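Structure record follows, encoded as structure tokens.
The values are calculated or read from the model by the stated rules, or taken from the named source; none is laboratory data. Everything numeric here is computed off the predicted structure, so don't read it as measured data. Please note: Cβ atoms are built from the backbone with ideal geometry, for glycine as well, and neighbour counts cover all protein chains shown. Protein only, heavy atoms only, side chains kept; ligands, DNA and RNA dropped before computing areas. Shrake-Rupley method; radii C 1.70, N 1.55, O 1.52, S 1.80 Å.
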Amino acid sequence: MLDVFNHDAFSVISLTNAIRDLKYKPSRIMELGLFTPVPVTTTNIAIERIGDMLQLVKPSPRGGPGETRDMPKAKLRSFQVPHFQRDWSVVADEVQGVRDFGSENRLKTVQGVVAGKMMAHMSDFALTEEHARLGAIKGIITYADGSTLNLFNEFGIRQKAAINFDLARKKDGALNEICGDVIHMMCEALGGVPYDYVHAFCGRGYFKKLLKSEEVRETYKGWSDAKILREAFIGTTRGKNRILEFGGIVWEEYLDFSNTGVSVGDNECHLFPVGVPNLFQTYYAPADLLETVNTPGRRLYAQQWRMPNNKGINGEMQMNALQLCTRPATLLKGTG
């Protein structure tokens, strides 16, 4: 009788590679491609920051000594990469129907049972990653166990007070002026680093207020018979969420379609720049397995081992990922 679970198809490498072929629904933040994956060979990472300091050069006498500049000191901060793990098992009774002697498809069928076990957890890992990335965009990551990672505190940056866009006001041009101030604040925080545009994830209530804003409606009246106001969409980056461009900012209604808890506060928005190199990063560390020691991390790992009573196998799937915004000063919160 073929010992299928000792086949190469069930090794750590094969099971991990098989995960790549399993389909799961991509998240909105993943669709936008905001986070750059960075495989690392350690379970913690260190980020060195040197404050950006621009100074005018004073005139000095020709032939004499020049001035000396105060150089900013580097600050090193270490972060532990969180470990996420789900366990699974396959018992003998689950593959009982594929034990015909000499069967050529037995291995393939058992692989299907194992794949089904892993697929049951893949959506949860994707959700976990989306939740942490949204937290990094907000500046404070909250994990399922209640622990938090406050990026403002970690980088020694004072979080700016929430910006009141006062969407109900009727003064012409006031909302557009606030948007301009936000863009200026973003540029100031970036210190001249180029970016593509400013994006805002909005709660449902906030986005409704934005659409009702008199200034927004007056701006788009007459554009294709105000189609923009009926569909609440302009731009090429639309997913399931409604998107509107106004005041140099792309406003997107971030909805939790499955009531998973991954959401933006109903009457708030979170703004961030898009197109800044290395602004948002995902650090993938290696699994806690002998086979993966000191190897570049992957997004997901899977392995299996035989039960002591020989009645089946145990398995696990794990992710070791840290989501970071390397410039938290660029993260702004808005209210309406």
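At ILE47 and ASP124, where each label point lies 7 Å from the Cα along Cα→Cβ, what is the point-to-point distance in nanometres?
If labels sit at ILE47 and ASP124, their model points lie 2.9 nm apart.
Sorted by accessible area with a 1.4 angstrom probe, largest first, how do MET118, MET185 fall? The partial results should precede the final answer.
On the way: MET118 5, MET185 55 Å².
I get MET185, MET118, largest accessible area first.
Heavy atoms of the protein only, probe of 1.4 Å, neighbouring chains included. What is the accessible area of ASP256 in Å², nearest 10?
Looks like 40 Å² after rounding.
Assuming 0.36 nm per residue, please report the length gained on full extension of the stretch VAL40 to GLN85 beyond their Cα-Cα distance.
That pair, VAL40 and GLN85, stretches by 14.4 nm at full extension.
FRET efficiency for THR326 and ALA92, Cβ-Cβ distance as r, R0 = 45 Å, nearest 0.05?
Calculated value: 0.35.
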